[in-house]
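Student: First, the structure itself, so that you have it in front of you.
The values are calculated or read from the model by the stated rules, or taken from the named source; none is laboratory data. All of these numbers come straight from a predicted model, not from anything done at the bench. Here Cβ is always computed from backbone atoms with ideal geometry, including for glycine, and neighbour counts include all displayed protein chains.
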Amino acid sequence: MAEKLTYEELEQRVKKLEKEAAEGKCSKEALWQAEEQIGSYQFIVESAQDSIFFKDMESRYLIINVKTADAFGLPKEQIIGMNDYEIMPNKEEARKNVEDDQLVFNTGKPKQITKHMTGADGKEYWFQAIKVPKFDDNGNVVGLIGIARDISEQKRTMKEKKRLEAQLQQAQKMEAIGTLAGGIAHDFNNLLMGIQGNISLILLDIDSSHPHYESLRNIKKQVKSGAKLVSLLLGYARKGQYEVKPVNLNQLVEEVSETFGRTRKEITIHQDLAEDLFATEIDLGQMEQVLLNLFVNASDAMIGGGNIILKTMNATHNNIKNKLYDNPKPGYYVLLTVTDTGTGMDKRTMERIFDPFFTTKEMRRGTGLGLASVYGIIKAHGGYIDVESKKGQGSTFNIYLSVSEKKYRKVVKTAVEITKGTETILLADDEENVLEVSQNLLEAMGYRVFIARDGNEAIKVYKKNQDDIDIVLLDIVMPNMGGSKAYDRMKEINSDIKVLLLSGYSIDGEAREILKRGCNGFIQKPFNIRELSAKLRETLDEQ
């Protein structure tokens, strides 16, 4: 049976055999066998995937393997004879290491630890280690033997797993609240439609000398405010994207900042807009809402005045920094940054900044929907948004929007006038108040109107009167049969049918799918008589 010897006993035997060989007292074969055995020990230690080391009572490294040297990022020869204070750049980490050594020396017992270390390359590492006391023949502790395993990758994996789980939970929460917000917004828009429509009808029959004229105008303004609040809900729910078209974002930034600047004289707006900015496809109304919400947010953070700095530039997916986005879609982007010189935010506030109904403003000064809707609108456009801020150092919002290959034209706003008609219309809507007021609006403009309260009834009315009906106004969400299926059935009856979709939601989602199948247009509730007349004529007159 082979004799079992420790590494130190092997070293002593080799030295003794070397002396005896020199004096001719032992064979060279015996020396070779001993050297081969100690070489096997060295091979095992050096080829180990763990760091292995021996320290003396002053915590100096006397024996180390290559893995230990690699962990410190220093040559093996340089480490020998040094302690942790001389090796480790982080002195607090070195102090904890030496304290662990002293505990092993004082108790004579092994110690298992998980330790953090900053390498010479500046990177963070984590190790699981065990330190075992080394005794002499008299039972006295003369040092320690340590084995440490690099668990940095496992730590990073666990950290990433927790981050992804938190991200998933956040996404699920946002999606659930978004669904609820979208449903509320749809129903509320139908209510506003009834109010808006009736006000439009009354105002058609009276002039400014009427005693109730101003009161009616005020109600109309309140409806507009209500519709704006609903648009915030739809924006958050990512159902607020109406009609995208290729534009130069610089034009919108200049127009909105000019309008906002007139209302906030204490704010100075600076612009650094790229001349060669790529085109991007956006809904102008929704993106205007994004800019105004960011401007108001910045203004509220600068009590007594300050500066807003607007910057546009071309970018790529590599510029997207936010940890919320693991794999942004590769390609080119237009980057808009909005920076303020306000009070800034702490980390806790930044983590909740896009949550719906979260606000740092006092009661009645904020709905908590502004930045939530900004987030929803940017996501609905397939873009990305992040925020950088420090308490007392202002904030910067970065918005990334995909580049469009389509050419853009300068947008010119025109006033909308009421245009009457004589055509026949089929109006299909399940909401009685919407049906009634919409019929009255259409008849006030000179149109003849058939009505239906769901998709099935709409198909029956259309089959019976298709030669007379010039256009169908079709609500999307109806009982028994919705607008989507009803459209397909009527399209089978007449492939040239003209259909204008109505919805308390927006064009995004189901409406967009119906439009792809050949539907002529879309109008969102609540609409007034001018908007309805313009959309009708646009659809009826197109060839």
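Student: Is it the case, given these coordinates, that residue 512 is touching a residue at least 60 places away in the same chain (Cβ under 8 Å), closer than 21 Å to residue 283 by Cβ and either of a type in the set (D, E, K, R) or not in a helix (DSSP H, G or I) (or both)?
Tutor: No; evaluated as a whole, the condition is false for this residue.
Student: Considering only region 476-488, state which residues are surrounded by fewer than 16 Cβ atoms within 10 Å (Cβ to Cβ) and assigned to a helix (DSSP H, G or I).
Tutor: Hits for region 476-488 are 485, 488.
Student: Give the residues of region 500-533 that are over 17 Å from residue 485 (Cβ atoms), at pLDDT 80 or above and among the acidic types (Asp, Glu), sorted by residue number.
Tutor: Listed by number, the list holds a single entry, 531.
Student: Could you please tell me which pairs satisfy a Cβ distance under 7 Å, a separation of 6+ or placement on different chains, a first residue in region 253-276 that is over 21 Å from residue 401 (Cβ atoms), and a second residue that is assigned to a helix (DSSP H, G or I) and aliphatic (A, V, I, L, M)?
Tutor: none
Student: Now for a separate question. Taking residue 486 as meeting all but one of (1) out of contact with any strand residue (DSSP E or B) (no Cβ under 7 Å at 6 or more places or on another chain); (2) farther than 21 Å from residue 421 by Cα; (3) of a type outside the set (Lys, Arg), write down the number of the exception.
Tutor: (1)
Student: Considering (1) out of contact with any helix residue (DSSP H, G or I) (no Cβ under 7 Å at 6 or more places or on another chain); (2) modelled with pLDDT of 80 or more; (3) surrounded by 12 or more Cβ atoms within 10 Å (Cβ to Cβ), say which one residue 136 fails and leave the rest.
Tutor: So residue 136 meets the others, but not (3).
The rows are residues; the columns are (1) farther than 14 Å from residue 529 by Cβ; (2) part of a helix (DSSP H, G or I); (3) modelled with pLDDT of 75 or more.
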position: 181; (1), (2), (3): yes, yes, no
position: 186; (1), (2), (3): yes, yes, no
position: 191; (1), (2), (3): yes, yes, no
position: 195; (1), (2), (3): no, yes, yes
position: 200; (1), (2), (3): no, yes, yes
position: 210; (1), (2), (3): yes, no, yes
position: 214; (1), (2), (3): yes, yes, yes
position: 221; (1), (2), (3): yes, yes, no
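Student: When you check residue 154 against the structure, is it surrounded by 11 or more Cβ atoms within 10 Å (Cβ to Cβ) and within 26 Å of residue 73 (Cβ to Cβ), yes or no?
Tutor: Judged against the criteria, residue 154 is a match.
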